[in-house]
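The structure appears right after this line, and notes come after that.
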Amino acid sequence: AQSVTQLDSHVSVSEGTPVLLRCNYSSSYSPSLFWYVQHPNKGLQLLLKYTSAATLVKGINGFEAEFKKSETSFHLTKPSAHMSDAAEYFCVVSDNYGQNFVFGPGTRLSVLP
Amino acid sequence: DGGITQSPKYLFRKEGQNVTLSCEQNLNHDAMYWYRQDPGQGLRLIYYSQIVNDFQKGDIAEGYSVSREKKESFPLTVTSAQKNPTAFYLCASSIGTANYGYTFGSGTRLTVV
């Protein structure tokens, strides 16, 4: 069965500094991995996805994530945080057949001026 | 523009009442999903439907019911049997399996009064 661990429930960074949101997964199959962002009282928006192509995935708004199979990790990064990045971020794993889609508990990102 | 529309945005229910949350998509997606989100928790799957006239229970289906009579529509009924219905409800769709990623609606916040 798949599972997702997001190691930090809350991350706080200053505007202009790098962002690192950590995600580790467990999967019996070759997983597809996703990062979604949710602003308050809004739906979730897809940031990026990994589906067994390039291990470094670039997404929207300057975010990227690297799939590391040996570490079972899919950490989300951004070189320079912007105030508008403040939101909840979810790491998601899907099995190879797309029948099982598991959300992590989320990491709340705060960006300080 | 294609997308998913959830209505209403806010819904108040008296104890003992059934209420129905609407979810409509014009993306021509085959699969649709309902998730429940509680504060500080990830998303939990209520029901999903891969094709018209077929749907499957998710992890927390008790107290909920759905129908899928049309490809575009996947309404969720929260019945009086659901003991703790106050939550944020998100509808999503995908073109096929979850490997393609989901498109989410903007959510309905249900409060029991």
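The values are calculated or read from the model by the stated rules, or taken from the named source; none is laboratory data. All figures in this text were calculated on a predicted structure; none of them were measured in a lab. For neighbour counting, all protein chains shown are included, and Cβ atoms are generated from backbone atoms with ideal geometry for every residue, glycine included. Ligands, DNA and RNA are stripped out before the accessible areas are found, and what is left, the full protein with its side chains, is counted by its heavy atoms. Shrake-Rupley method; radii C 1.70, N 1.55, O 1.52, S 1.80 Å.
Computed from label points 7 Å out along Cα-Cβ, the spacing between A:THR77 and A:SER52 is 2.6 nm.
Taken about its Cα centre, chain B carries a charge dipole of about 300 debye when Lys and Arg each add +1 at the Cβ and Asp and Glu each add -1 at the Cβ.
Dipole magnitude for the stretch A:1-100: computed about the Cα centre from +1 point charges on Lys and Arg Cβ and -1 point charges on Asp and Glu Cβ, it is near 180 debye.
Assign unit charges at the C-beta atoms only (+1 for Lys and Arg, -1 for Asp and Glu), then state the dipole size of the protein assembly as shown relative to its Cα centre in Debye, rounded to the nearest 20. Can you show the working numbers first?
Values: 19 positive and 18 negative charges, 54 e Å.
Computed about the Cα centre, the dipole is about 260 debye.
Taking +1 at the Cβ of each Lys and Arg and -1 at the Cβ of each Asp and Glu, which of B:THR77, B:ALA87, B:TYR48 sits farthest along the dipole of chain B towards its positive end, judged by Cα position relative to the Cα centre? Result: B:ALA87, furthest along the dipole toward the positive end. At full extension, A:SER110 and A:LYS42 could sit 22.8 nm farther apart than now, given 0.36 nm per residue minus the alpha carbon distance.
Look at where the Cα atoms of the stretch B:1-38 and of the stretch B:54-68 average out, and the two centres are 13 Å apart.
The 3J(HN,Hα) values that the Karplus relation (6.51, -1.76, 1.60; θ = phi - 60°) gives for the stretch B:20-36 are, in residue order, 10, 9, 9, 9, 10, 10, 10, 9, 6, 7, 7, 9, 9, 9, 10, 10, 10 Hz. Gly and Pro appear as x. A straight Cα-to-Cα reach below 27 Å connects B:LYS83 with the lysines A:LYS42, B:LYS9, B:LYS14, B:LYS57, residues fewer than 8 places away in its own chain not being considered. Averaged over its residues, the protein assembly as shown has an accessible area of 48 Å² per residue, based on protein heavy atoms and a 1.4 Å probe. Projecting the Cα atoms of A:LEU47, A:SER27, A:GLY59 onto the charge dipole of the stretch A:1-70 (Cβ charges, centred on the Cα centre) puts A:SER27 farthest toward the positive pole. Go ahead and run the numbers for FRET between B:LYS57 and A:ASP8, Cβ-Cβ distance against an R0 of 25 Å, rounding to 0.05. Calculated value: 0.20. Residues of the stretch A:26-48 that bury at least 20 Å² of accessible area once all protein chains are present, compared with their chain alone (1.4 Å probe, heavy atoms only, ligands and nucleic acids left out), are A:PHE34, A:TYR36, A:GLN38, A:ASN41, A:LYS42, A:GLY43, A:LEU44. Relative contact order of the stretch B:1-63: 23 percent, from C-alpha pairs under 8 Å at least 6 residues apart in sequence.
Rounded to the nearest 100 Å², what's the accessible area chains A and B bury against each other, both chains counted, probe 1.4 Å? All intermediate terms of the calculation are to be shown ahead of the outcome.
On the way: alone 6100 and 6210 Å², together 10770 Å².
Approximately 1500 Å² gets buried when A meets B.
The GluC sites (Glu not before Pro) of the stretch B:31-113 that DSSP puts in a loop, and whose beta carbon has at most 12 other beta carbons within 10 Å, are B:GLU62, B:GLU69. For A:LEU48, the residues whose modelled amide H falls within less than 5 Å of its own, excluding neighbours fewer than 5 places apart on the same chain, are A:TRP35.
Among the protein heavy atoms of chain A, carbon and sulfur supply 51% of the accessible surface, probe 1.4 Å, non-protein parts ignored.
Mind running the shape call on the protein assembly as shown? Use the C-alpha gyration tensor, a ≥ b ≥ c as the square roots of the eigenvalues: rounded below 1.5 for a/c, prolate if a/b tops b/c, oblate otherwise.
Because a/c hits 1.5 or more and a/b exceeds b/c, the protein assembly as shown counts as prolate.
Across the stretch A:12-19, computed HN-Hα scalar couplings (Karplus, 6.51 cos²θ - 1.76 cosθ + 1.60, θ = phi - 60°) run 10, 9, 8, 4, x, 9, x, 10 Hz from first to last residue, x flagging Gly and Pro.
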